[in-house]
Structures are given as structure tokens and as C-alpha cells.
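Notes follow once the structure below has been shown.
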Amino acid sequence: MLVVMQENASPEQVQRVMDRMIHDGFDVHRSTGALYTVLGGVGRNTDFDIAVFEVLEGVKEVHRIGSPYKLASRGFRPQGTVIRIKDVEIGGNNVVIMAGPCSVESRDQIERAADIVAEGGAKVIRGGAFKPRSSPYSFQGMGEEGLQLLRHAADRRGLLVISEVMDAVQLPVMLQYADILQIGARNMQNYTLLREIGKARIPILLKRGLSATIEELLLSAEYILSGGNYDVMLCERGIRTFETYTRNTFDVSAIPVVKKLSHLPMVGDPSHGTGRRDQVPPMARAAVAAGADALLMEVHHDPDHALSDGAQSLNPEQYFELMKQLRLIAVAVGRSI
């Protein structure tokens with residue numbers, strides 16, 4: 001249930017409505033916009049009369065939510081969510097670029113990566129310290145040492161840090177170094193981890209699962225939001241289909257669909273979406289044109305010798321050229337980079 005308060009509703013009226021919702025078995029989540037306060041009621045109580053809430057003082061309108069995701073729905077925050085981290089806004093007019101290597105390999109590598117992505121115009125550097133790999137014999141990341149190197153390189157260039165968390169036990173160390181925590185595709189339905197992430201107060205990037213539907217993605221986001229962490233962005237990173245030419249099938253249509261259904265910012269990951277560096281630029285351009293609020297791309301100073309995902313990583317020249325193109329496309333759709 002969504003209760004929209006009147007523009008001039010007093011704090012006392014808002015509190016009385018919240019108390020009544022709690023009394024009737026709802027968990028209440030409050031969203032305060034420029035004009036209206038919206039109260040989202042989440043719970044198992046489906047046998048209620050909305051007229052009871054419509055007549056309460058200060059109430060403008062009440063809606064029964066039919067979708068299984070309540071807090072992730074566009075109705076909870078019709079104006080959309082803007083995630084603010086220092087001087088960076090994700091979900092606003094600017095398309096934010098997050099770029100860097102798949103994994104932190106060495107001090108020299110991540111320092112060079114920071115120079116490259118910052119010069120091109122990225123605001124966030126990506127890099128994995130804990131890597132979920134299909135083979136147990138593949139490079140698994142440098143752990144906390146990798147996070148330390150990533151943080152130092154980012155601070156030197158005034159960048160934010162995004163890195164993947166794979167398990168709840170990693171949260172304490174991740175929170176020391178990262179500005180954004182990434183939940184990878186393999187963990188999209190790790191509900192124990194999602195609940196723990198919901199208790200954290202740090203922005204989250206939640207990737208779509210390998211074969212997940214859009215509704216399943218939004219329900220996974222609901223786990224995080226229901227814990228009180230509303231700074232969540234969703235990421236289209238390609239899904240598994242019968243096509244084998246590319247690593248995954250990059251579902252560009254998911255970007256406008258999710259932005260219609262949800263208030264959460266939408267991110268495109270053309271690197272994992274295609275698995276081929278020659279396909280990353282066209283898919284990145286398509287994602288910005290489709291309305292993505294940010295892009296997550298892999299960039300490496302020497303991708304042919306990268307320890308992980310070199311085939312889908314852009315080299316510096318490709319990255320710089322792509323950034324020029326993306327700026328033109330952003331302007332064409334009324335945004336900027």
C-alpha cells in the first residue's frame with residue numbers, strides 16, 4: 001500500500017498515519033519528495049480497506065499496490081531516486097562512467113588504470129579484490145591488499161571506488177575501502193547476503209542474474225530496500241540465451257523497462273553483456289541512448305595480458321574514443337557526461 005500525504009501535511013499527521021499503518025500490521029517506509037511525503041506499507045496484511053486511510057487527516061490519496069515489489073516500484077518514489085556520493089550524483093542528469101580493470105592485479109596496474117579512466121572522464125574506478133571465477137584455478141583476486149591499492153589509486157585521482165562483495169563476512173573490510181558495493185550476477189538471489197546488505201548504509205549496485213527476469217531483479221532489490229538501504233542501483237549486464245557468439249545477450253530493452261517500473265537508477269554493463277571488446281562501444285552507445293544513468297565498463301592498460309576478462313576490456317585508445325562518442329549521444333538525449 002502507498003499513502004501519499006498532502007503537500008501541507010504536518011509532521012504530526014504523518015506520524016499518526018504511520019502509527020495506524022504499523023497498528024494494522026505494515027512495515028512502514030517513508031519517502032520524502034520535493035512536494036509530497038509517500039508512506040510505503042509492506043507486509044503480509046492483504047485484507048485491509050484503503051478507505052480507512054483515505055479519511056485520515058493529511059492524506060491526499062491511497063493506492064493498493066498490485067506488484068510483488070513495493071519499495072522498488074516507481075510509485076514509491078515517482079520522481080526517481082538520485083544517489084549522492086560526495087560530489088557525484090547517480091540517477092540525475094549526468095551519465096556517470098564507472099571504469100577500470102576487472103580485477104586489481106598489482107600497484108602499477110591499478111595506478112595506471114586510475115590515470116587512464118580519470119583522464120577519460122570517469123567518476124568511479126572499478127576493480128575486483130575478491131573475484132568469483134567459474135574455475136577454482138583462475139585468479140581469485142588480491143583480497144584486502146587489492147582494496148588498499150584500489151583506494152589509494154582512487155584517492156590520488158579524486159575517484160570513487162566500486163568493488164564486488166561476495167559474502168557477508170567480507171562486509172567489514174569492504175566498508176573500509178569502497179564507496180559503492182557491487183552484488184554480482186551470481187549473488188543476485190543470495191537472499192542472506194541481500195538482507196545483510198540492506199542493513200548497511202552504503203550505495204549498492206545490484207547486477208541482474210544470468211537468467212533472471214526483470215521482476216526477479218526488482219524483487220532482489222526489494223530485499224535490500226526492505227532493510228532500510230534505499231541507495232540501490234540496478235545493472236543490466238547481459239543474460240544467458242541460446243546465442244553463443246557473445247558471452248551474454250545484452251538486453252538493452254531492460255533499461256527503459258526498468259526505469260518505467262522502478263525509481264531506482266539503471267546502469268549498463270556492456271563489457272559483461274558482450275564479452276568482446278569490439279562489441280563494447282556499440283552497446284555502450286546504445287545503453288546511453290536507451291536512458292542508462294551510468295555505465296560500468298572494463299578498461300585495462302594492456303588487456304591482452306590481463307589476469308581476468310582481458311577479451312572484454314577496452315584498451316586506453318578505445319576508451320578515450322568511446323568517451324568522445326558517448327558525450328555526443330548524451331547531449332542528443334538531453335543529458336551530459
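The values are calculated or read from the model by the stated rules, or taken from the named source; none is laboratory data. Being a predicted model, the structure only gives us computed values, none of them experimental. Cβ: placed from backbone, ideal geometry, glycine included. Neighbour counts: every protein chain shown.
So is Ala254 more than 16 Å from the chain's Cα centre (by Cα) and among the aliphatic types (A, V, I, L, M) or not?
no
Any residue at all in the stretch 94-107 that's in the same structural domain as Glu236 (by TED's automatic domain parsing), of a type outside the set (Ser, Thr, Tyr) and assigned to a helix (DSSP H, G or I)?
Yes: one or more hits.
Counting only residues that are farther than 19 Å from Pro281 by Cβ and in contact with a strand residue (DSSP E or B) (Cβ under 8 Å, 6 or more places away or on another chain), how many does the stretch 244-270 have?
Selection size over the stretch 244-270: 9.
Restricting to the stretch 175-192, name every residue that is buried (at least 21 other Cβ atoms within 10 Å of the Cβ) and either touching a Gly at 6+ places or on another chain (Cβ under 6 Å) or in a helix (DSSP H, G or I) (or both).
Selection gives Ala185, Asn187, Met188.
Within the bounds of the stretch 131-154, is there any residue that is touching a residue at least 24 places away in the same chain (Cβ under 8 Å) and part of a strand (DSSP E or B)?
Within the stretch 131-154 (the criterion being touching a residue at least 24 places away in the same chain (Cβ under 8 Å) and part of a strand (DSSP E or B)), the answer is no, since none of the residues qualifies.
Of the residues Gly66, Gly80, Gly25, which is in a loop (DSSP other than H, G, I, E, B), surrounded by fewer than 19 Cβ atoms within 10 Å (Cβ to Cβ) and modelled with pLDDT of 90 or more?
Answer to the check: Gly80.
I'd like to know if the stretch 154-173 contains one or more residues that are touching a Lys or Arg at 6+ places or on another chain (Cβ under 8 Å) and within 22 Å of His263 (Cα to Cα).
yes
Residues being farther than 21 Å from Ser163 by Cβ and buried (at least 18 other Cβ atoms within 10 Å of the Cβ): count how many of those fall in the stretch 231-246.
1
For the stretch 1-15, how many residues meet the condition of being touching a Leu at 6+ places or on another chain (Cβ under 9 Å) and surrounded by fewer than 16 Cβ atoms within 10 Å (Cβ to Cβ)?
1
Going through Glu215, Glu222 one at a time, which residue ends up being acidic (Asp, Glu) and either assigned to a strand (DSSP E or B) or surrounded by 19 or more Cβ atoms within 10 Å (Cβ to Cβ) (or both)?
After applying the criteria, what remains is Glu222.
List pairs: first in the stretch 288-299 and farther than 14 Å from Phe250 by Cβ and in a loop (DSSP other than H, G, I, E, B), second among the basic types (Lys, Arg) and modelled with pLDDT of 95 or more, Cβ under 7 Å, 6+ apart or cross-chain?
Matching pairs, first to second residue: Gly291/Lys259.
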